[in-house]
Amino acid sequence: MPPSPPPSPPLSPSPQSHTTSLRSGFPTGGPLGATTALTLTGSGFDVLETARCYFAPINTDGTPRSGSEISTTATVASATRALCDAPATAGLFRAALSLEGGYTRVPLYFDAIRFEVYNPAGLTVDAVTPPGGPLSGGTLLTLVGAGYRSFGEGQLCCVFDDTPAGTCAAGTLLVAVGVDARMRCTVPAVSTEAVNRTAAVSLNGGSALSTSATSAAFRYYAQPAVSSIEPTSGDVVGGALVTVRGAGFLALVDAFSTDAAAATAALALVRVAIGGTIAAAPLFANDTLVVVEAPWGAAGSASVTISLNAQQYTSPTGVEFEFIGLHAPALLGAAFDPTGSQLILTLDSQPTDRGGMVG
């Protein structure tokens, strides 16, 4: 009887063909140590269960960077979505997805998907401007520090220490270079009395591990009250010394009572506006009165308001200053006509005969 043929060697897994595609990844970056940091979207992800994410090191121009490709766990959430764990090393990577344990990669529908793993230790807040705002919120806060960048819509934001975990105020990236990076966000309202808060930056929507290593103080205060102005009228050209009286004019300054430099900086932000025109910095200020030179204004009565952060002014309370006389025309704009041969100047509409001109 002839001998039996030897057993066939085990078959190696072979690539299988599926209608799959990889379209996008979000966000485009995540903190070192985070899990399920990258969400990949596409089609056909539910074909097989053995899914892996792959991260190839690249330079900023997209060329390969030294280092081995890193494989991480992928969780297939649906036919169109897979969640990838982030690599355990910082750097810029090109992301890929395999539904067959690495034997094949899901083809890209568009361009390569980039993902940056960053170290939160390099994310800092060194200062904020202005240093405070009213309890009603709405302050446009500029944060200065290092490591700011945008990893997609809703990712860059400000985190205040009194907000629930994972919530933050949407931010706008202004400058993303060196140690003088800048971003801006709108401060939320609070319902308590004047309080001290800290503002930090998150690059991933306030999620765990994505918040800056440092923060800066932000002081909430109750808006001051304006009760009178003396004198109550002056020339439209401005320059008259006026005294604005009320209460709470040093609320922001007092919040920095233990920091002389910060208190001086806060005092420099106090501003008076008459009819919407902002006067120069006060010549004198305490908690109940401010002395300034009246700005110019159009003839007639104008509301008097005050700001403690050079940004948000009190609502009109009936205290008014009357501008008397004419003033030199105010230039509102300049532009060439469609032919480019004439320069058209736009002046304020108040009547004036100075310089032979009619406003």
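The values are calculated or read from the model by the stated rules, or taken from the named source; none is laboratory data. Note that the structure is a prediction, hence the values are computed from the model and not measured. All Cβ positions, glycine included, derive from the backbone under ideal geometry; neighbour counts span all protein chains shown. For the accessible areas, the whole protein counts, side chains as well, though only heavy atoms, and no ligand, DNA or RNA atoms are used. Shrake-Rupley method; radii C 1.70, N 1.55, O 1.52, S 1.80 Å.
General observations
- Segment 32-63, residues that are open to solvent by 50 Å² or more (accessible area, probe 1.4 Å) and part of a strand (DSSP E or B): 52
- Test: residue in segment 179-189 that is open to solvent by less than 50 Å² (accessible area, probe 1.4 Å), more than 30 Å from residue 279 (Cα to Cα) and modelled with pLDDT under 95: yes
- Test: residue in segment 102-110 that is surrounded by fewer than 19 Cβ atoms within 10 Å (Cβ to Cβ), touching a Lys or Arg at 6+ places or on another chain (Cβ under 7 Å), touching a residue at least 60 places away in the same chain (Cβ under 8 Å) and in a loop (DSSP other than H, G, I, E, B): yes
- Test: residue in segment 266-282 that is touching a helix residue (DSSP H, G or I) at 6+ places or on another chain (Cβ under 8 Å) and modelled with pLDDT under 95: yes
- Meets criteria (assigned to a strand (DSSP E or B), open to solvent by less than 50 Å² (accessible area, probe 1.4 Å) and touching a residue at least 12 places away in the same chain (Cβ under 8 Å)) for residue 253: no
- For segment 85-100, the count of residues that are in contact with a Leu (Cβ under 7 Å, 6 or more places away or on another chain), free of Cβ contacts under 8 Å to residues at least 40 places away in the same chain and surrounded by 18 or more Cβ atoms within 10 Å (Cβ to Cβ) is zero.
- Among the residues making up segment 64-90, a single one is in a loop (DSSP other than H, G, I, E, B) and of a type in the set (Lys, Arg): 65.
- Matching residues in segment 283-311 - criterion: being part of a loop (DSSP other than H, G, I, E, B), under 32 Å from the mean Cα position of the chain (by Cα) and surrounded by 20 or more Cβ atoms within 10 Å (Cβ to Cβ): 308, 309
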